[in-house]
Amino acid sequence: MARIKIFDTTLRDGEQSPGVTLNNREKREIARQLARLGVDVIEAGFPVASEGDFESVRQIAAASGEENPNVVVAGLARAHRGDIERAAAALEGATKPRIHTFIATSPIHMDKKLALEPAQVVERAVEAVKLAKSFVDDVEFSAEDAGRSDPAFLAEIFAATVAAGATTINVPDTVGYMTPWEYGRLIEGLFEAVPQLRDVDVSTHCHDDLGFAVANSLAGVKAGATQVECTINGIGERAGNASLEEIVMALETRKDVWGHETNIQTRELYRTSRLVSMMTGMVVPPNKAVVGDNAFAHESGIHQDGVIKAIETYEIMSAETVGRDAGVLVMGKHSGRRAFRKSLEDLGYATLPDDEVDHLFKEFKDLCDRKTSVTSDDIRALVDSETTRVPETFKLTSVQFQSGTGVTPVATVRMEVRGEALEEAAVGDGPVDAIYHAIERLTGMHLRLESYEIRSVGHGKDALGEVSVRARHEDRVVHARGLSTDVVEASAKAYVEVMNKLAAGLGRGAGDPHPSASVDAVEATQA
């Protein structure tokens, strides 16, 4: 059975999602999880975009063999010498480095953006591939906006870049314009026009502007593509990319149709989805295929009756296959540490060190005092919180507030600030606003709140509340989250976590260009 390579671009194209900011530590953690997931290629970033992007690619490349010695680490580079040299420098420590270089090939891009004639574009592409090949053996070439390019011109530039040494040829539907039958026919036609494509990997990279990203990618596979470029949860610029978990489970569940398999450890899919959602602040919709909260839920009486008699009546794949639980993991305040450790192992967290388990067990016991029962989703949320913990310069001790109709909201917050117990009161437009004013007074840090989101972890009236906030302090932007059965307390925890991240020097600098913004700016100066 033929194998499809999975090229994950969550850390590059995914981070170009509006509002997403990942610091180096978060990127490294996601990269480690992607390696555990079993992706074939991790596109770690765009090294020339900023110093932060260069450093994150360098660090991921240096650690690339730790979780998965077979994983390839790629750095993106336009068809410019400076880009390629910067990518090569960032990838020096990788066990298996790949330079991914690209240039636009559609008439509108060549004319309006590059101001180049088609022959000049081919020349620049060939030069870029040859230069990249002088640094690494593994070179990928992409024709940006291939979906709106002349197929004859694509055949010409692909033949030239394969001859120059490209080992992977990528055919991106950059703006999500194509339909599945058009995209499949494009791939078929390229194989017919350029027979040497049979000797390299042909890759899909489809965007979701019309909702066709997954369908287009699978149409490409059906037509002979051997690599799919995708992201966790389908995140990415504009409407996003093809969703990795949907691609993988379509190939896995319908092997009778596709006749392909992947290297993905499917039981890591849900864990990876949660990690990316938590770190990016992009909430997964409940009805999202494979990883959404409702993906394996049955409320209809007819459906419930069916799954009780035979689960395959309404489930085409099992929840366990993607790392989820078919039922509720019953854990309570009478559970001991050994049972808690066993629960962590069953959920895939067998390698957590003892000090982290001790801290998580204390958090678990505190949660048991607030909830009737603790589910596996609750425990996963606790582990995710531990993963992103930073040193507590500021420690929240207690929160009290008074609010109601016709009453001015007032809050009292007690904290330990660098070891000193302090208390402050403040008023606001609501209880959360009042608490945030009090926290700012205690810490001496005044933030601009850029986003605030609440979601439920699990179900029921005592479900955990997860609050995600993104805030700016001077030239730094930081994302953090708080977890509690009380959403007001969760809000306070999230804001204090922002303060602690700022104190630890984490966050993206406002002066550091967002990858997509930086590329556009440099492209404009070099076009």
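Figures for the structure shown
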quantity	calculated
Selection within the stretch 51-70 - touching a residue at least 40 places away in the same chain (Cβ under 8 Å), surrounded by 18 or more Cβ atoms within 10 Å (Cβ to Cβ) and among the charged types (D, E, K, R)	D53
Residue within the stretch 490-505 that is among the charged types (D, E, K, R), assigned to a strand (DSSP E or B) and surrounded by fewer than 23 Cβ atoms within 10 Å (Cβ to Cβ) present	no
Candidate set from the stretch 219-237 (those that are under 19 Å from the mean Cα position of the chain (by Cα) and assigned to a loop (DSSP other than H, G, I, E, B)); member that is farthest from S17 (Cα to Cα)	I235
Residue check for A125: in a loop (DSSP other than H, G, I, E, B), buried (at least 24 other Cβ atoms within 10 Å of the Cβ) and of a type outside the set (S, T, Y)	no
Count of the stretch 33-54 residues which are at pLDDT 95 or above and over 22 Å from E261 (Cα atoms)	6
Residue within the stretch 12-28 that is of a type in the set (K, R), crowded, with 20+ Cβ neighbours inside 10 Å and touching a residue at least 12 places away in the same chain (Cβ under 8 Å) present	yes
Pair list, Cβ under 7 Å, 6 or more apart: the stretch 410-432 residue within 16 Å of K493 (Cβ to Cβ), other residue among the basic types (K, R)	M415/K395; E416/K395
Qualifying residue in the stretch 134-151 (condition: under 29 Å from I60 (Cα atoms), aliphatic (A, V, I, L, M) and assigned to a helix (DSSP H, G or I))	no
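The values are calculated or read from the model by the stated rules, or taken from the named source; none is laboratory data. As the structure is a prediction and not an experimental result, all values here were calculated from the model. Ideal geometry is used to build each Cβ from the backbone, glycine not excepted, and the neighbour counts take in all protein chains shown.
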